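Asks: Structure in structure tokens, see below.
The values are calculated or read from the model by the stated rules, or taken from the named source; none is laboratory data. For clarity, every value in this text was computed on a predicted model and none was experimentally measured. When we count neighbours, we look across all protein chains shown, and the Cβ atoms used for this are built from the backbone with ideal geometry, even at glycine. Surface areas here come from the heavy atoms of the whole protein model, side chains and all, with no ligands, DNA or RNA. Shrake-Rupley method; radii C 1.70, N 1.55, O 1.52, S 1.80 Å.
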Amino acid sequence: MNLSRPARIALRTAAGLGFAVIYLPLLLVLVGSVNPDRSASWPPPGLTLKWWAAAWENDGAREALWTSVRAGLAATAVALVLGTLIAFAVQRHTFFGREAVSFAVVLPIALPGIVTGIALNSAFGVVLEPLGVGLGLFTVVVGHATFCIVVVFNNVVARLRRLPGSYEEAAMDLGAHTFRTFWDITFPLLRSALLAGGLLAFALSFDEVVVTTFTAGPGVQTLPLWIFDNMTRPQQAPVVNVVAALLVLLSVVPIYAAQRLSSDSAGGGRV
């Protein structure tokens, strides 16, 4: 499509403004993490890494980081297993209600987080409390898995749509049983899609706030919740900037890796 010069300038200006709105606040957080002043002075009088050392020595921040990592890894593991199984069921088999199952799997990520959080909190209170299981890390993992399954499901379904079933049929004709066929034929073809889905699922879980607020018990605090609780404390402002910067960096890495894996597999992984 050929655009006039004024139209190209307008599109570039709009794109630049959009990126500025998105990324300038993140840049300010990174600058604030190396600002020697406790207040958000601008421009910063210098650069320092003392707040990074203070953040590392903060027991609450370290515990919250470890909690987020554990919750993210557990939710990702659940999402990989369930998302892959559902994707195979929906894509490779025909049964009554298949479209309804697919819709039900994708729905949680489309719902507002506060709706999902309230629903899960009520469900846990009705189902788990009579069994003596209160809110804690387990309920956080379950809550995160509800939307992490979606990204794994979408990645695996998209890959299965491009893979003909003739490979598995040929392997079975040669005497391979179902699990051997999956391990030797199907899994290598799905590996990059699974890895991309897992990285995205971990990134979603790692920085989740709303659902975590309703599913975490009083003794469980993830890194985003720790940031939220300490934002109003002036003495903690530099440490909060450091933790927020770390959260941004840790979220960017898996998303970038997943994007590269998806683009590489789309460009060179066709069969």
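Asks: For the chain, calculate the relative contact order in percent as a whole number, restricting contacts to Cα pairs under 8 Å that are 6 or more residues apart.
Replies: Details: 298 pairs, mean separation 81.0, N = 271.
In percent, rounded to a whole number, it is 30.
Asks: Same structure, new question: Just to confirm a number: summing +1 for Lys and Arg and -1 for Asp and Glu over residues other than Ile227 whose beta-carbon lies under 12 angstrom from that of Ile227, what do you get?
Replies: Numbers: positive: Arg233; negative: Asp207, Asp229.
Net charge around Ile227: -1.
Asks: If you don't mind, there's one more thing I want to ask. Going by average Cβ density within 10 Å per residue, which order do the peptides 149-161, 132-144 take, highest to lowest?
Replies: Working: 149-161: 21.8, 132-144: 19.3.
So the peptides 149-161, 132-144, ranked by packing, come out 149-161, 132-144.
Asks: To continue, here is another question. Going by average Cβ neighbours within 10 Å, how do the peptides 169-180, 188-199 rank, with the highest at the top? Write out the running numbers ahead of the final one.
Replies: On the way: 169-180: 11.3, 188-199: 20.6.
Going by the mean number of other Cβ atoms within 10 Å, highest first, we get 188-199, 169-180.
Asks: Still on this structure: Cα centroids of the range 155-180 and the range 108-141: how far apart, whole angstrom?
Replies: 37
Asks: What is the angle, in °, between the Cα long axis of helix 5-32 and the longest principal axis of the Cα atoms in the chain? Nearest 10 is fine, range 0 to 90.
Replies: Roughly 70 degrees between the two axes.
Asks: Right, here's the next one. Quick one: with all protein chains in place, what share of the accessible area of the chain is carbon or sulfur, to the nearest percent (1.4 Å probe)? Mind showing how you got there, number by number?
Replies: Numbers: 10860 of 15710 Å².
Taking all protein chains in place, the chain shows 69 percent carbon and sulfur surface.
Asks: List the chymotrypsin sites (Phe, Trp or Tyr not before Pro) within the range 21-96 that fall in a DSSP loop (any state other than H, G, I, E or B) and whose Cβ has at most 13 other Cβ atoms within 10 Å.
Replies: Details: sites: Tyr23, Trp51, Trp52, Trp56, Trp66, Phe88, Phe95, Phe96; in loops: Phe95, Phe96.
Of the chymotrypsin sites (Phe, Trp or Tyr not before Pro), the ones in loops of the range 21-96 whose Cβ has at most 13 other Cβ atoms within 10 Å are Phe95, Phe96.
Asks: If the chain between Arg180 and Ala77 were fully stretched, how many nm would it gain, using 0.36 nm times the residue separation less the Cα-Cα distance? If you can, show how the numbers build up before the last one.
Replies: Details: separation 103, 0.36 × 103 = 37.08 nm, distance 2.17 nm.
Net length gain for the segment: 34.9 nm.
Asks: Now for a separate question. Ignoring ligands, DNA and RNA, what accessible area per residue does the range 7-115 give at 1.4 Å, in Å²? Each step should come with its number before you reach the end.
Replies: Numbers: 7070 Å² over 109 residues.
Roughly 65 Å² per residue, with all protein chains present.
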